[in-house]
Amino acid sequence: MEVIKFYVEYTQKDLVTFLNSRPPQDISTDEFFDIMFNLEQSASFENFKILDKLFPPLDFNLAMSELMTSNPLMKEEMTKYYKDSIKLMADYFESYKTKGLIKKDIDSFSLSMGITSIQDGLMAAMQMGIEISDIRKSWKEITKMILKSTLVK
């Protein structure tokens, strides 16, 4: 549980750092993709090199799915982290609404949930063997389409 907690909190820390320093249109960048898909983690944190060897991102996600199915406590903890991540992004989008960069009628929670759902679906595609380059391209194109309807022109 502690290893999983460390892994999730570290990923959320990367997400927070990115969101605090970048505008919404940057969710279509390679850097944001790498954060959302837990890629290139070891470059920014020395201890992650060990975790990357023990729990590659896809193996980690599969293990989490298995643990949540068989362990109610694990499911409860992971649900909390999942909701926290969605709220984190929703708050980020809400702050850009107040700055006038995101349309006022956009539901920030739904926007955050949608982006997270796209990540979940593309992660499943990755687990099914779709090439990472195709996943990255799809992420960029889909997020650009979302942003086109979300951002103030």
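Per-structure values
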quantity	calculated
GluC sites (Glu not before Pro) within the range 88-153, DSSP loop, no more than 10 other Cβ atoms inside 10 Å	GLU131
Under 16 Å from the ASP30 label point (7 Å along Cα→beta-carbon), backbone N, the range 117-137	132-137
Charge tally in the Cβ shell below 15 Å around GLY100, where Lys, Arg are +1 and Asp, Glu are -1, GLY100 excluded	+3
Residues MET1, MET126 arranged by fewest to most Cβ contacts within 10 Å	MET1, MET126
Cut-off under 5 Å, modelled amide H: who pairs with ILE102 long-range	LYS97, VAL152
Entries of LYS5/LYS99; LYS75/LYS97; LYS13/LYS148 with Cα pairs more than 31 Å apart	LYS5/LYS99; LYS75/LYS97
Coil-residue trypsin sites (Lys or Arg not before Pro) of the range 95-134, DSSP, other Cβ within 10 Å capped at 16	LYS99, LYS103, LYS104
The range 1-40: radius of gyration over Cα atoms, expressed as a fraction of 2.2 N^0.38 Å	1.23
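Each reported figure results from applying straightforward, stated rules to the coordinates on display, with no laboratory input. Computed from a predicted structure; not experimentally measured. Cβ coordinates were reconstructed from backbone atoms using ideal geometry, including for glycine residues, and neighbour counts include every protein chain displayed.
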